[in-house]
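Quick notes on the structure that follows.
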Amino acid sequence: MAERHLEIEQKYDAAADFVLPELGGLPGVASVGEPQVHELHATYFDTADLRLAANKITLRRRKGGTDAGWHLKMPAGPDSKQELRAPLGRPLVVPARLAGLVAVHTRGAELRPVATLETRRTVVRLLGADGAELAEVADDLVTGRGGDAEPEMWREIEVELGTGAPDLLKAAGKRIRKGGAKKAKSSSKLGRLLGEAVVPSEAAAARAALRSRIAAATSNGKAPGITTGEVVMAYLAEQVEAIAHFDPKARLGEDDAVHKMRVAVRRTRSALRSYRSVLDAERTVPLGPELRWLAQELGEVRDREVLRMRFQGAPDFLLDDLEKQERSAYRRLNMCLKEPRYFALLDALDRLIANPPLAAAAGKKARKELPGLITRSWDRMAKEYASIKTADDPDIARHETRKEAKRARYAAELAVPVLGVAAKRVVEDAKRIQGVLGDYQDGVIAMEHLAAAAKRTQIPAEAFTLGVLYGKEQCEAITARDRLATTWSRTLGPSF
């Protein structure tokens, strides 16, 4: 397992004659440590077309200093990066764990050296009254070499937060700027070195353009010139971006990451179904089975996560079995996320965003076209709901109603930037229906799991406990089932 570290820092460009100001007296700082000098040598790895750099990700092998080894840094918010570390290992062999975490971008492409940085680093530690390191200030003299370009030299100051409060980072930056340094133009040394060689992918450029277009057109709340195709593609672009964002988090088993990645996959699939009149079926229909496959693989993990959380406080024998199943499901998921099939799906989704397969309805004005499409989706849910009373197997009808409720919710969710409150109401209505049916379905799944566990045990005390839990889940499932009619009666549906 790679070591994890959340890095919160700010960078400043400094001239050769810059003098680091006195850093005592900053918020919480009781003393300033003696300067320490380190000689660092870092080799940066990326694909030939610099896919990692284009996504603001850096992967390096660094020698020297106090943290020699492999470092993978991924964006984690303003001024922060998630850093994962691994031992030095072999010079040209990227640790498999780190390579897997960027596979959503590399997709089988070779990771190879693209640049080297030689840094003479002078470190000053800012200490609290108890001796704890509140922050570290690094004064770096850098020589960078990338590709066939001539070596480049520069100086920069880094302030990395340790146990200190955010106001220390702000105060230190203010003092450094007052001393003559300027906020760095690039968030990484590699980004500065590679400069214009780093080019966003066609899909990333299309996502940015769509986001900008929707934001500009909806700034007054009316969006008069926005087409249906633009709204649908902006939503799809957001979901494709979310899949890539949560991929490494899901591989790491971070809290709720698998769920969020699965939701993004389902939203994508749902939008392709609900807005068929907007998109060319020849290119979108083949994506359906692949998205369904990926959602199922993620679902194997998610179902175990839900059961584990649901049975918190249950006897150890039940939780131990669930945790074992969850670990196995995670192993299978990680194998799935290495498959060429998964990479082919990601490529197809990128092509979808970069070159939208728009159909006739795409050119129509969104404010006129979207209400009808949302209403159609809602009507499909209402039809499934009505079938519950006459169905040979009401549980199947409930399950289908829940699926249609999700589709109606996502169809309306897509339209919120244009239709505003009217679309939000549909989202909330569909969400309530989905929630009640979800509570029922969760109870049914829990009962099935308990029944299967009871068949495996030969210990009477365990069987009794499983029976008690089964009865509890059955009562909760029936309560949720009976709540459906009341929830439906309070639902207004679309009103555009």
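The values are calculated or read from the model by the stated rules, or taken from the named source; none is laboratory data. Keep in mind it's a predicted model, so treat the numbers as computed, not measured. Note: ideal-geometry Cβ built from the backbone for every residue, glycine included; neighbour counts use all protein chains shown.
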Please enumerate the residues belonging to the stretch 88-105 that are assigned to a loop (DSSP other than H, G, I, E, B) and either within 17 Å of the chain's Cα centre (by Cα) or over 26 Å from Arg332 (Cα atoms) (or both).
Leu88, Gly89, Arg90, Pro91, Leu92, Val102
Determine, yes or no, whether Ala132 is within 27 Å of Glu34 (Cα to Cα), surrounded by fewer than 20 Cβ atoms within 10 Å (Cβ to Cβ), free of Cβ contacts under 8 Å to residues at least 24 places away in the same chain and of a type in the set (A, V, I, L, M, F, W, C).
no
Leading residue by the ranking (surrounded by the fewest Cβ atoms within 10 Å (Cβ to Cβ)) among those in the stretch 371-396 that are of a type in the set (S, T, N, Q) and more than 20 Å from Val444 (Cβ to Cβ):
Thr390
Determine the pairs where a residue that is in the same structural domain as Leu252 (by TED's automatic domain parsing) and touching a residue at least 60 places away in the same chain (Cβ under 8 Å), located within the stretch 337-351, has a partner that is polar (S, T, N, Q) and not in a helix (DSSP H, G or I) with Cβ atoms under 7 Å apart, the partner being 6 or more residues away or on another chain.
Asp350/Ser201
Is it the case that the stretch 304-316 has a residue that's within 29 Å of Ser377 (Cα to Cα) and assigned to a helix (DSSP H, G or I)?
yes
When restricted to Glu160, Glu156, the only residue of a type in the set (Asp, Glu), surrounded by fewer than 20 Cβ atoms within 10 Å (Cβ to Cβ), in contact (Cβ under 8 Å) with a residue 24 or more places away in the chain and not in a helix (DSSP H, G or I) is Glu160
Where a residue in the stretch 14-39 is hydroxyl-bearing (Ser, Thr, Tyr) and its partner, wherever it lies, is part of a loop (DSSP other than H, G, I, E, B) and surrounded by fewer than 11 Cβ atoms within 10 Å (Cβ to Cβ), with Cβ under 8 Å and at least six apart
Ser31/Gly24
Report yes if Ile243 is more than 25 Å from Leu345 (Cα to Cα), modelled with pLDDT of 90 or more and of a type in the set (A, V, I, L, M), otherwise no.
no
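Conditions tested, residue by residue: (1) surrounded by 22 or more Cβ atoms within 10 Å (Cβ to Cβ); (2) among the hydroxyl-bearing types (Ser, Thr, Tyr); (3) free of Cβ contacts under 8 Å to residues at least 60 places away in the same chain; (4) under 30 Å from Ala149 (Cα atoms).
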site: Leu190; (1), (2), (3), (4): yes, no, no, yes
site: Gly195; (1), (2), (3), (4): no, no, yes, yes
site: Val198; (1), (2), (3), (4): no, no, no, yes
site: Glu202; (1), (2), (3), (4): no, no, no, yes
site: Ile214; (1), (2), (3), (4): yes, no, no, no
site: Ile226; (1), (2), (3), (4): no, no, no, no
site: Met233; (1), (2), (3), (4): yes, no, no, no
site: Leu236; (1), (2), (3), (4): yes, no, no, no
site: Pro248; (1), (2), (3), (4): yes, no, no, no
Conditions (1) without any contact (Cβ under 8 Å) to a residue 40 or more places away in the chain; (2) in a loop (DSSP other than H, G, I, E, B); number of the one not met by Gly108:
(1)
Quick count over the stretch 346-360, residues being under 14 Å from Ile243 (Cβ atoms) and either in a loop (DSSP other than H, G, I, E, B) or of a type in the set (D, E, K, R) (or both), is 2
For the stretch 375-399, pairs from a residue that is farther than 21 Å from Val426 by Cβ to a residue that is outside any helix (DSSP H, G or I) and not β-branched (Val, Ile, Thr), with Cβ under 7 Å and 6 or more apart or across chains, are Ala397/Ala391
The residue from Ala461, Ala477, Ala451 that alone is within 19 Å of Arg310 (Cα to Cα) and surrounded by fewer than 16 Cβ atoms within 10 Å (Cβ to Cβ) is Ala451
